[in-house]
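Visitor: First, the structure itself, so that you have it in front of you.
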C-alpha cells in the first residue's frame, strides 16, 4: 500500500510544439497554480511587453508581475526592443519592468564571440536548453530578478519563458542570486513543450 502523504499529484501541461500559440494556455495555468500555491510574484520574459499585457488580462490583480526584457543592445548597440510607451504603460498598471544583463549571456557571450570559446554561463544555458528554451529563460529570469532585488531568495515565484515569441514554459522555483546559482531550485514544472 502506498503512503499518500509522501507525494502530491500535480497537473503538468505538455504542449505538442513550442511557441507563442501556447501563451494564453500558459498564462491561465500560471494564474490557477499561483492561486493554489499562494504565490504572489510572477516573472515574465517579454521583448515588446505583449506577454506582460496579456498576463494583466488573465491574472488576479493580487499577482505582482515583473516583466523582464532583453538588455539594451541585445539586437544592436544602444537599442531597446521594448518601446518606451509600452514600458510606461506597463509601469502605470503596476508592472515592474526589469532590463539588465542576461545571467547566461553577458560577458561570457562577448568572450565567445571574440575568442571563439565558451564560458561557464553559456554551458549552463545549453544544459538547461535540454529541457527547452523556455526552461532556460525561466531560470535565467529568476537569477536576474534576484540580482536586481525584485524577488526574494527565500520565497517561491513562478517564472515564464518561451521559445522566440510568446510563452510556452512556466516553472515554480525558488530564486537565487547569480553568484549562488546552485541555490536556485526548480520546484515544479507547470507547463512546457514536449517537442523541443
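Visitor: Does the stretch 140-152 include one or more residues that are modelled with pLDDT of 95 or more, in contact with a strand residue (DSSP E or B) (Cβ under 6 Å, 6 or more places away or on another chain), crowded, with 24+ Cβ neighbours inside 10 Å and more than 16 Å from residue 97 (Cα to Cα)?
Guide: No, because not a single residue in the stretch 140-152 is modelled with pLDDT of 95 or more, in contact with a strand residue (DSSP E or B) (Cβ under 6 Å, 6 or more places away or on another chain), crowded, with 24+ Cβ neighbours inside 10 Å and more than 16 Å from residue 97 (Cα to Cα).
Visitor: If you don't mind, another one. Name every residue in the stretch 150-179 that is more than 12 Å from residue 139 (Cβ to Cβ), without any contact (Cβ under 8 Å) to a residue 40 or more places away in the chain and touching a helix residue (DSSP H, G or I) at 6+ places or on another chain (Cβ under 9 Å), in order of residue number.
Guide: Within the stretch 150-179, 152, 153, 177, 179 meet the criteria.
Visitor: Also: Given the options 64, 50, name the one that is out of contact with any strand residue (DSSP E or B) (no Cβ under 9 Å at 6 or more places or on another chain) and at pLDDT 95 or above. I'd like the intermediate steps shown before the answer.
Guide: Values: 64 fails: out of contact with any strand residue (DSSP E or B) (no Cβ under 9 Å at 6 or more places or on another chain).
Only one candidate passes the filter, namely 50.
Visitor: Looking only at residues in the stretch 36-78 that are assigned to a helix (DSSP H, G or I) and within 14 Å of residue 157 (Cβ to Cβ), which one is nearest to the chain's Cα centre (by Cα)? Give the derivation first.
Guide: Taking the stretch 36-78 and keeping what is assigned to a helix (DSSP H, G or I), we get 36-37, 50-58.
With within 14 Å of residue 157 (Cβ to Cβ) added as a condition, the list becomes 37, 55.
Working: 37: 18, 55: 13 Å.
Going through the qualifying residues, I end up with 55.
Visitor: Those residues that are part of a helix (DSSP H, G or I) and either free of Cβ contacts under 8 Å to residues at least 12 places away in the same chain or surrounded by fewer than 16 Cβ atoms within 10 Å (Cβ to Cβ) (or both), I need them from the stretch 90-120; list them, please. It would help to see each step written out before you state the result.
Guide: Start the filter on the stretch 90-120 by keeping residues that are part of a helix (DSSP H, G or I), which leaves 90-92, 107-115, 120.
Matches in the stretch 90-120: 91, 92, 107, 110, 111, 112, 113, 114, 115, 120.
The values are calculated or read from the model by the stated rules, or taken from the named source; none is laboratory data. Computed from a predicted model, the values in this text were never measured in an experiment. Backbone-built Cβ (ideal geometry, glycine too); neighbour counts: all protein chains shown.
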